[in-house]
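The values are calculated or read from the model by the stated rules, or taken from the named source; none is laboratory data. Everything numeric in this text was worked out from a predicted model, so none of it was measured. Please note: Cβ atoms are built from the backbone with ideal geometry, for glycine as well, and neighbour counts cover all protein chains shown. Protein only, heavy atoms only, side chains kept; ligands, DNA and RNA dropped before computing areas. Shrake-Rupley method; radii C 1.70, N 1.55, O 1.52, S 1.80 Å.
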Amino acid sequence: MYFRDIIGQEEVKGRLIQSAKLGIVPHAQLFTEQGGAGAFALAVAYARYLNCRQRSDTDACGRCPSCLKYDELAHPDLHFVFPIVSKKDKKKEVCDDYLTEWRGFLQGRPYFSIDQWLEYMDAGNSQAIIYSKESDEIIRKLTLKIYEADYRVLLVWLPEKLHQTCANKLLKVIEEPPTNTIILMVSEAPDLIIGTIQSRAQRINVRPIKEDAVREALIRQYHLVEKDAKRIAHLAAGNYMKAMEAISMGEENEFFLEQFKTMMRNSWARNVKGMRAMADTMAAIGRERQKNFFAYCQHLIRENFVYRFQSAELNYMNKEEAGFAVNFAPFVNERNVFDLMEELAKAEQHIAQNVNAKMVFFDLGLRITVLIKK
Ligand SMILES: [Zn+2]
């Protein structure tokens with residue numbers, strides 16, 4: 001993570017770069033954000049910049065020995081503390097036990113959420129915290145001799161998840177910091193951190209990303225067209241996680257539309273083989289998505305029925321859906337619309353009740369064959 005990987009946030013970047021150049025580096029700093037603004041990546045980029053041997057005016061070099069180790073997040077003077085799920089049977093009780101996963105998780109991922117991390121470490125339904133046992137680890141790491149860095153860095157992700165014992169130890173360290181050591185904390189809920197830590201740390205408020213910066217990044221990284229990028233940037237309200245979610249929902253939407261078309265075409269052509277193939281495809285995607293698909297189909301049937309009245313303000317379809325409606329809408333009429341809706345709702349219900357998905361999809365295909373010709 002370099003400064004250049006972080007979207008927008010020019011003001012904070014400027015401030016951090018200035019701090020490094022002047023050598024005025026507070027030993028405890030608390031980065032705060034509401035999520036998806038890049039606070040964690042900023043903290044890492046700052047730590048890297050501080051230790052880079054050939055930094056430019058805007059970023060670290062990417063070539064010096066320090067940068068190369070930072071690339072792997074494996075610098076001996078860079079330590080991480082982050083919430084984990086203790087797995088005693090697998091001897092995973094402190095952050096370092098998760099270090100391989102943690103590095104893998106962060107690779108190429110400047111923006112992430114605690115939910116993604118939980119999923120990555122296979123946490124099941126457990127809550128992640130920073131356990132009291134971590135206190136000894138922190139002390140141990142900070143009493144080690146510094147290997148080679150100008151600044152040894154302890155990066156604490158989500159200090160609001162610190163166990164009380166651990167928070168008190170960290171406070172002690174902040175009060176009497178070892179030399180050349182800086183503690184960077186990145187929080188999404190600073191109010192939950194003990195007040196004494198809050199008041200002793202320099203606060204860096206990372207605001208939501210500016211809309212224009214999100215729009216530009218979406219075009220650059222995902223090759224969205226201007227109009228879509230603008231719409232998603234607006235919806236995301238400065239949270240890049242939200243923007244990325246909106247795009248992948250777009251992909252799901254595309255997949256559903258394709259499946260919907262296939263289903264209707266199979267039924268119209270009485271293509272039993274095609275119906276079987278589709279049932280196989282859809283059976284494999286999982287119950288939640290199957291339910292979403294049926295909800296989506298009901299929405300499309302309704303929109304295609306309304307489409308006949310040629311009233312744009314009553315229509316809620318995107319460009320691709322509307323394109324399909326030109327040919328498909330005539331098949332949805334007063335004689336079949338309610339039955340089609342009912343069959344789709346029934347299928348959704350059956351999925352919720354754990355009926356065999358292949359059977360549900362195949363059966364539905366057959367029923368639509370009868371209805372679509374009405
Ligand atoms: Zn460098």
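Data table
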read-out	value
Carbon/sulfur fraction of accessible area - the chain, other protein chains in place, 1.4 Å, %	51
Modelled label reach - D97, point 7 Å along Cα→Cβ, segment 110-147 residues with backbone N closer than 12 Å	131-134
Net charge of neighbours whose Cβ lies under 11 Å from the Cβ of W268, counting Lys and Arg as +1 and Asp and Glu as -1	+4
Potential lengthening between Q54 and K227 on full extension [0.36 nm per residue; Cα-Cα distance subtracted]	58.3 nm
Cα gyration tensor shape for the chain, rounded if a/c is under 1.5, else prolate or oblate	prolate
Nearest-10 value in Å² for the accessible area of W268, using the 1.4 Å probe	110
Solvent-accessible heavy-atom area per residue, rounded to whole Å², over segment 250-371 at 1.4 Å	54
Simple label model, 7 Å out from Cα along Cβ direction - M359 to I194, nm	5.9
Relative contact order of segment 250-371, defined on C-alpha pairs under 8 angstrom at six or more residues apart (%)	39
Length released on extending from R276 to D150, taking residue separation times 0.36 nm less the Cα-Cα span	38.9 nm
Candidates P330, P76, P190: whichever shows maximal mean-square fluctuation once the chain is modelled as a Gaussian network with Cα springs under 10 Å	P330
Under 27 Å from the Cα of K346 - lysines, other chains or at least 8 residues apart	K261, K273, K291, K358, K373, K374
Antiparallel DSSP beta bridges within the chain, percent to nearest 5	10
J(HN,Hα) series, segment 357-371, from Karplus relation 6.51 cos²θ - 1.76 cosθ + 1.60, nearest Hz, glycine and proline x	5, 4, 5, 4, 5, 5, 4, 4, x, 5, 5, 5, 3, 6, 6
The chain: angle of helix 211-222 to the longest principal axis, Cα-based, in degrees nearest 10	70
Accessible area (Å², 1.4 Å probe, nearest 10) - Y147	130
Cα shape, segment 71-135, gyration tensor, a/c 1.5 rule	oblate
Three-way shape label, segment 99-211, alpha-carbon gyration tensor, a/c 1.5	rounded
V156 long-range amide H proximity, modeled H, under 5 Å	V81, L184, M185, V186
Among beta bridges that DSSP assigns inside segment 65-188, antiparallel share in %, nearest 5	15
³J(HN,Hα) computed for each position of segment 31-37 - Karplus, 6.51 cos²θ - 1.76 cosθ + 1.60, integer Hz, glycine/proline x	7, 10, 7, 9, x, x, 9
Per residue solvent-accessible surface (Å²) - segment 53-174, probe of 1.4 Å	49
Length-normalised contact order for the chain - Cα pairs under 8 Å, 6+ apart - percent	18
Exposure of D191 as accessible area (Å², to 10), given a probe of 1.4 Å and all protein chains	130
5 angstrom amide H check on K92, placed H, neighbours 5+ away	K87
Angle in degrees between helix 319-328 and the longest Cα principal axis of the chain, rounded to the nearest 10	10
HN-Hα J in Hz across segment 290-306 - Karplus 6.51, -1.76, 1.60, θ = phi - 60°, x for Gly and Pro	4, 5, 4, 4, 5, 5, 4, 4, 5, 4, 5, 4, 4, 5, 6, 5, 5
Degrees between helix 240-268 axis and first principal axis of the chain (Cα, 0 to 90, nearest 10)	20
For I84, distant residues with modelled amide H under 5 Å away	I129, I130, Y131
Contact order normalised by residue count of segment 208-248, Cα under 8 Å, 6+ apart, percent	45
